[in-house]
1. Nearest 5 percent is fine: what portion of the DSSP beta bridges confined to the chain is antiparallel?
2. How large is ³J(HN,Hα), in whole Hz, for each residue of the stretch 243-258 in order, when computed from phi with the Karplus curve 6.51 cos²θ - 1.76 cosθ + 1.60 and θ = phi - 60°, using x for Gly and Pro?
3. Please give the length that would be gained between Thr286 and Lys201 if that part of the chain were fully extended, namely 0.36 nm times their separation in residues minus their C-alpha to C-alpha distance (nm, one decimal).
4. I'd like the orientation of helix 407-426 relative to the chain: the angle between its Cα long axis and the longest Cα principal axis, in ° from 0 to 90, rounded to 10.
5. Please identify the longest segment of the chain free of exposed chymotrypsin sites (Phe, Trp or Tyr not before Pro), where exposed means a DSSP state other than H, G, I, E or B and no more than 15 other Cβ atoms within 10 Å.
6. What base-10 log of the normalised intensity I(q)/I(0) is obtained for the stretch 52-100 from the Debye formula, alpha carbons as equal point scatterers, at q = 0.13 Å⁻¹?
7. Say each of Leu189 and Glu63 gets a label point 7 Å from the Cα, pointing the same way as Cα to Cβ; how far apart are those two points in nm?
8. Counting Lys and Arg as +1 and Asp and Glu as -1, what is the net charge of the other residues whose Cβ lies under 15 Å from the Cβ of Gly68?
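Coordinate-derived values only; no laboratory data. Bear in mind the structure is a predicted one, so any value in this text is a computation, not a measurement. Please note: Cβ atoms are built from the backbone with ideal geometry, for glycine as well, and neighbour counts cover all protein chains shown.
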Amino acid sequence: MKTAGRESKSSSNQPRLNAGKKGRVAVIGSGVAGLATAIRLASDGYRVQVFETAGQPGGKVGEHWESGYRFGLGPSLFTLPELLDDLFRYAGADPDQYYRYHRLDLICRYFFPDGKVLNAWAEPDRLAKEFEAVLGEPAGNVHRYLAKVKRIYDLTEPIFLQSSLHDWRTYWRAPWLKSLAGLPGLDALRTMNASNERLFKMPNSVQLFNRYATYNGSNPYKAPATLQVIGHLEYNLGAYFLNGGMRTLVNAMHKLAVDLGVEFFFNTPVQQILLSEDQKIVRGITAASREIPADLVVSNMDIVPTYRQLLPGSKHPEKLLNQPRSTSALIFYWGMDREYPALDLHNILFSSDYEGEFGHLTETRTLSDDPTVYLYISSKAEPGHAPRGGENWFAMINVPHIAGQDWDELIERARAQMIRKIESTLGLPVAAHIRTEHRLDPRGIAARTSSHLGALYGNSSNNRFAAFLRHPNFSRNIRGLYFCGGSVHPGGGIPLCMLSARIVSEQVRIRS
Ligand code: FAD
């Protein structure tokens, strides 16, 4: 069930209790990266305190219960589970005592506007045959794509994902020299769409593989083809289901942190990061109008409000803070009173004009009349997430980040369009079967987690230099100040947030 972890600090099954000998750390925010950083630094011997605005941990990985329906508010797709296993093993804990997951045989069901329905199987031969049978795409093209995205991953992972891009030591390591030699293989000069059009014969295949740009809130008609690497995570490394849903991730990490002696302060927003008189060394934080001393401060808050609100008097890296932001999301959490056998756990109902849809998202910053709809139904895997005979629908469309739109008007229009699209695709009534409804839109995402402009993944990656324009995981000017989470290196999404925590703990080791 579990993949082997890459690093292990202890072979015992009990987490080590945090001794706090090395000094005090204040972590601002308990999103996935904040929790993972707290666990790593507590395991490294620091006394760690986590301050969180909300009443519970998890940030974007929230949960909502209503009339017997259970909804994960944020992420639904779980990839690279070994990063979570690594974290638990690093802390000397046995992952099996905290969570379980299983690999999905069917990753996603795709519904195209021409009526074709494709099952994206995890097994490569089965996947390639499905493309050939359903879309008329030669199976060899799918195999070539899988080999290409693996090549990109092997070249980029050690440099762009595992290490700080902003520490000169990274560039002395052998993998960097290998990446340098393989630079043309990264396909950074072409867009993702241009590359997919070269690889695939059928427009439906191009549309399907273009979708991976949305996994970090980008536009496939602008983002470099290097981002095809995202497809590698799902197809070559696997898509997983975390038993109990994604909230299990937060509950497990929070429990481990508590087991390690990490102290949590909920409903306690941090108001300021305190610096020495010369502004060069971190002294602690102010929360609940109280000064709390700390040797290290790690901000899991979005990088923009971290500077603007918590460090008003210090020098701000304006170029990095002003990079274009990723897209956001509009989600309806619908409690359905019937089942829909044609749908699986993950489903995509594609729009008929994908390029136009992205034009609306990233250029005019409004919504198209025919948005692609993502339907995630965790009750297909966890029947307890909906009352008997019902389903819990997470119905999402990509929307622009906040830019002065009239959201109330856009949301009502989108709701009607989404329902119309699902009803015509399935040939079944939907509106009449919605028993409960909860909503999340960019304003809510910004308010709930302080995400600048409600962006889901920090900066967008719509140009080939984007990876270098994310904020480092440490401050160059203020000793003892670190940053983790989706708005800094290496980027948004659960796996990258977990990696940002690992890079922070590595940088703390190097710099302390
Ligand atoms: P965040 O979740 O952004 O949390 C930051 C925390 O800091 C919050 O709890 C906030 O309250 C707290 N905070 C902020 N300011 C302060 C302050 N001043 N004092 C104290 N606390 C503060 N990723 C995937 O991998 N797969 C998916 O399928 C996926 N789908 C998604 C769908 C949606 C709808 C959303 C919203 C996100 C999705 N993501 C997905 C992205 C993923 O959820 C995020 O990248 C990740 O959870 C961000 O974690 P983070 O560590 O950056 O912290």
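1. Working: 48 of 68 bridges.
The antiparallel proportion sits near 70 percent.
2. Whole-Hz 3J(HN,Hα) from phi for the stretch 243-258: 4, x, x, 5, 5, 4, 4, 5, 4, 5, 5, 5, 5, 4, 4, 5.
3. Fully extending the segment from Thr286 to Lys201 adds 24.8 nm.
4. Helix 407-426 sits roughly 50 degrees off the main axis of the chain.
5. Looking at the chain, 1-265 is the longest stretch - no exposed chymotrypsin sites (Phe, Trp or Tyr not before Pro) with at most 15 other Cβ atoms within 10 Å.
6. -0.46
7. That separation, rounded to one decimal, is 5.1 nm.
8. The answer is -3.
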